[in-house]
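Asker: Handing you this structure, nothing more for now.
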Amino acid sequence: MTVILDKNSICSLCQCHIRENALFTGLNESQLDAFKDVVVISSFKKREIVFMEGDDCTGLYIIRTGRVKVVRSSSTGKEQIINILNPGDLLGFEVFYEGKLYRNTAVAMDDCELCYIDKNSFFNILEKEPDVSRKLIISLGKELNHAYERIGNLGLLNAKEKLGHLLYTLASEYGVKADGGVKLQLTLSRLEIAELLGITQETSIRLLKSFKEDGILDIKRKEIIIKSLARLKEFGQ
């Protein structure tokens, strides 16, 4: 099985490596000029909060470098990771339905750079550049489809199937061939894996151990090496 390792293209605005469905890929000169005066690049350290749930929704972010996790907290303080965003992904979807507040908390998982556009400037550009609006609709459609898939998996799969599906997806997106298998180029703690799946940390540890005992994967410190992608794929079907 071939693992796709490079889905990147070059951002026309800031020349960083981003995914092909990113908003700033392939814009013409007129569209780029509209954005150049309103985009602000901000830096965040690992574990630094980009915004908190309940903060005023002031604008839209596009991940330039690094990763950001989007977290929802319960009234009891329990956290659930809603999504992990990568270069090219959009952050702050509340902007699109005129939300006054951010509904989730965004936290840098690495040292990150984010492109920020305040919402008034962004909507002014959309009114003048219909091609940008079309690109945005495509990006939002893909995000909605991914959300439906995540909701379906959470509702239909048991804990072991959820973990198998997650690891297979991560291997497809972040895998590199190594040691006779596929090594994940994405470091997640046992707690972060649990939060992504909506299970307890103890359950995630137990299931990873069972996958290792079954010869499906190997764990070396914080690295996870997938030894059988085919067996992982079966869990999500």
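The values are calculated or read from the model by the stated rules, or taken from the named source; none is laboratory data. Remember, predicted model here, so these are calculated numbers, not experimental data. Cβ coordinates were reconstructed from backbone atoms using ideal geometry, including for glycine residues, and neighbour counts include every protein chain displayed. Just so you know, the surface numbers come from the protein's heavy atoms only, side chains and all, with ligands and any DNA or RNA stripped out. Shrake-Rupley method; radii C 1.70, N 1.55, O 1.52, S 1.80 Å.
Asker: If you roll a 1.4 angstrom probe over the protein chains with everything in place, what fraction of the accessible area of the stretch 42-124 belongs to carbon and sulfur, to the nearest %? Provide the component values of the computation, followed by the final result.
Answerer: Details: 1880 of 3920 Å².
Ligands and nucleic acids excluded, carbon and sulfur give 48 percent.
Asker: Sorting check: for 53-63, 76-86, which peptide has the highest mean count of neighbouring beta carbons within 10 Å, and how do the rest follow?
Answerer: On the way: 53-63: 18.0, 76-86: 15.5.
Taking the mean over residues of other Cβ atoms within 10 Å, the ranking is 53-63, 76-86.
Asker: Collect residues whose amide H, placed 1.01 Å from N in the peptide plane, falls under 5 Å from the amide H of residue 41; neighbours closer than 5 in sequence don't count.
Answerer: So residue 41 has HN proximity to 116.
Asker: Further, regarding this structure: Just to confirm the number: angle between the C-alpha axis of helix 201-213 and the first principal axis of the chain, 0 to 90 degrees, nearest 10?
Answerer: 60
Asker: Probe of 1.4 angstrom, ligands and nucleic acids ignored: what's the accessible area per residue over the chain, in square angstrom?
Answerer: Numbers: 12810 Å² over 237 residues.
Accessible area per residue, the chain: 54 Å².
Asker: Under 15 Å from the Cβ of residue 56, count the other residues' Cβ atoms, weight Lys and Arg +1, Asp and Glu -1, and hand me the total. Before the final figure, lay out the partial values.
Answerer: Values: positive: 100, 103, 119; negative: 53, 55, 94, 98, 118.
Summing Lys/Arg as +1 and Asp/Glu as -1 gives -2.
Asker: Specify the inter-centroid distance of the stretch 133-176 and the stretch 87-105, based on alpha-carbon positions, in whole Å.
Answerer: The two parts, judged by their Cα centres, are 18 Å apart.
Asker: List every residue whose amide H lies under 5 Å from the amide H of residue 175, counting only residues 5 or more places away in sequence or on a different chain, with H placed 1.01 Å from N in the peptide plane.
Answerer: 185
Asker: What's the local net charge at residue 137, with K and R +1, D and E -1, over the other residues with C-beta under 15 Å away?
Answerer: Local charge sum for residue 137: -1.
Asker: Could you give me the ³J(HN,Hα) list for the stretch 159-171, computed from phi with Karplus coefficients 6.51, -1.76, 1.60 and θ = phi - 60°, whole Hz, x at Gly and Pro?
Answerer: With coefficients 6.51, -1.76 and 1.60, one gets 4, 5, 5, 4, 5, x, 5, 4, 5, 5, 5, 5, 5 Hz.
Asker: So, one more: If packing is taken as the mean number of other Cβ atoms within 10 Å per residue, what is the order of 184-192, 105-113, highest first? Write down the numbers at each step before the final one.
Answerer: Values: 184-192: 16.1, 105-113: 19.3.
In descending order of packing, they fall as 105-113, 184-192.
Asker: Continuing with this model, one more query. How many Å³ per residue does the convex hull of the Cα positions in the chain occupy?
Answerer: Numbers: hull volume 31.3 nm³, N = 237.
Output value, Cα hull per residue: 132 Å³.
Asker: Return the Rg/Rh value of the stretch 107-197, two decimal places, where both radii are evaluated on C-alpha atoms and Rh is the Kirkwood radius. Let's see the in-between values first.
Answerer: Details: Rg = 17.9 Å, Rh = 16.5 Å.
Reported Rg/Rh (Cα atoms, Kirkwood Rh): 1.08.
Asker: May I ask for the net charge around residue 126, where only other residues with Cβ less than 11 Å from the Cβ of residue 126 are counted and Lys, Arg are +1 while Asp, Glu are -1? Intermediate values should be presented prior to the final figure.
Answerer: Working: positive: 119, 128, 134, 135; negative: 127, 129, 131.
Counting the neighbours of residue 126, the net charge comes to +1.
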